[in-house]
1. Among the residues of the range A:39-51, write down those that are surrounded by 13 or more Cβ atoms within 10 Å (Cβ to Cβ) and either at the interface with chain B (Cβ under 10 Å from one of its Cβ atoms) or over 18 Å from A:THR120 (Cβ atoms) (or both).
2. Give just the number: which of (1) out of contact with any strand residue (DSSP E or B) (no Cβ under 8 Å at 6 or more places or on another chain); (2) surrounded by fewer than 21 Cβ atoms within 10 Å (Cβ to Cβ); (3) facing chain B (nearest Cβ under 8 Å); (4) at pLDDT 95 or above does A:VAL23 not satisfy?
3. So A:GLY46 clears everything in (1) at pLDDT 95 or above; (2) over 19 Å from B:ALA53 (Cβ atoms) except one condition, right? Which one?
4. Regarding A:LEU78, is this residue closer than 21 Å to A:ALA6 by Cβ, facing chain B (nearest Cβ under 9 Å), surrounded by 15 or more Cβ atoms within 10 Å (Cβ to Cβ) and at pLDDT 95 or above?
5. Evaluate the range A:99-106: report whether one residue or more is of a type outside the set (Ser, Thr, Tyr) and either within 17 Å of the chain's Cα centre (by Cα) or closer than 24 Å to B:GLY68 by Cα (or both).
6. Of all residues being over 23 Å from A:LEU52 (Cβ atoms) and modelled with pLDDT under 95 in the range B:62-92, which is farthest from the other protein chains (Cβ to nearest Cβ)? Just the residue, please.
7. Can you pull out every residue in the range B:63-100 that is of a type in the set (D, E, K, R) and within 23 Å of A:VAL80 (Cβ to Cβ)?
8. Taking A:ASP86 as meeting all but one of (1) of a type in the set (D, E, K, R); (2) over 22 Å from B:ALA133 (Cα atoms); (3) touching a helix residue (DSSP H, G or I) at 6+ places or on another chain (Cβ under 9 Å), write down the number of the exception.
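The values are calculated or read from the model by the stated rules, or taken from the named source; none is laboratory data. As the structure is a prediction and not an experimental result, all values here were calculated from the model. Here the Cβ positions follow ideal geometry from the backbone for every residue, glycine too, while neighbour counts run over all protein chains shown.
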Amino acid sequence: MRSVRAGDEIPALVKHPTTRQLVQYAGAQGDFYEIHYDQDYARSVGLPGVILHGLLKAAFLGQLVTDWVGDEGDVRALEVSYRGVDQPGRAYTCGGRVTAVDGNMVELEVWGQNEAGERTTVGSAVVEMR
Amino acid sequence: MASVLERLRERIGVAGEPVVSIVEAGHLRRFAEAIGDPNPRWLTEAPPTFLVALAPASYHAPEAEQYGRGWLNGGNRFELVEPVRAGDEITATTRIADVYEKSGSSGNLLFIVFETEYVNQHGATVGRVRGTAIRR
């Protein structure tokens, strides 16, 4: 097993979401709320335009963790809070850091940030190493 | 007439109709493509957030839409117990775990916490997903 220590940063994951991807995600998840693909509707409810699904950002953070752990472990928990909205056409950067290691259980802090460096998604994950 | 808040609070703990789905390989592939994750592991196994694609979390609270003008997602928590693989039959059951109101800078907000439990064809709980839906 690889050596994992509290304080380790895990490699960042940069995503480039597009409106097309939001439509793909709406179909794959089955969430057809109009704020994710209809610009006029999104603006009519006070948004700047269509926005990313919170659950798409959660999926990005899931990928951040599974890219790091590979086949050496399984995600046991992923918790995320959405602190701000994100629009397609802008890079979304996911990052994480190991906060605790207890036997084969590893806890991480994870976050997603916009181009301005604001963490619009914050959360934590628990990985069980095999 | 009871307010939306009062009517939803009466439903705390009450399970909605179970939703039964077979995990299809094509659905796993489309989901992985949609999130932009090329990991071949997801050709046969569900990635961490896939369970939400098997049951819409807020499906049994349409009356909440009488409150405010739109939904926001406040947060999600995934608890993953066992792997979910193509071919599994998953039964999802959603309950309202909590309902409360808060006053925000731009008016009142209604928070509805949903919890969905996912059980496979062997009767094992494979995961739980909690979601905080906000009406504003």
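1. Hits for the range A:39-51 are A:GLN39, A:TYR41, A:ALA42, A:ARG43, A:SER44, A:VAL45, A:LEU47, A:ILE51.
2. In the conditions (1) out of contact with any strand residue (DSSP E or B) (no Cβ under 8 Å at 6 or more places or on another chain); (2) surrounded by fewer than 21 Cβ atoms within 10 Å (Cβ to Cβ); (3) facing chain B (nearest Cβ under 8 Å); (4) at pLDDT 95 or above, A:VAL23 misses (3) alone.
3. Every listed condition holds for A:GLY46 apart from (1).
4. Answer is yes for this residue.
5. No.
6. Going through the range B:62-92, the residues over 23 Å from A:LEU52 (Cβ atoms) turn out to be B:62-63, B:66-67, B:79, B:81-92.
Next cut, modelled with pLDDT under 95 only: B:62-63, B:66-67.
Working: B:PRO62: 13, B:GLU63: 17, B:GLN66: 15, B:TYR67: 13 Å.
Looking at residues that are over 23 Å from A:LEU52 (Cβ atoms) and modelled with pLDDT under 95, I get B:GLU63.
7. Residues satisfying the conditions are B:ARG77, B:GLU79, B:GLU82, B:ARG95, B:ASP98.
8. Going through the list (1) of a type in the set (D, E, K, R); (2) over 22 Å from B:ALA133 (Cα atoms); (3) touching a helix residue (DSSP H, G or I) at 6+ places or on another chain (Cβ under 9 Å), A:ASP86 breaks only (2).
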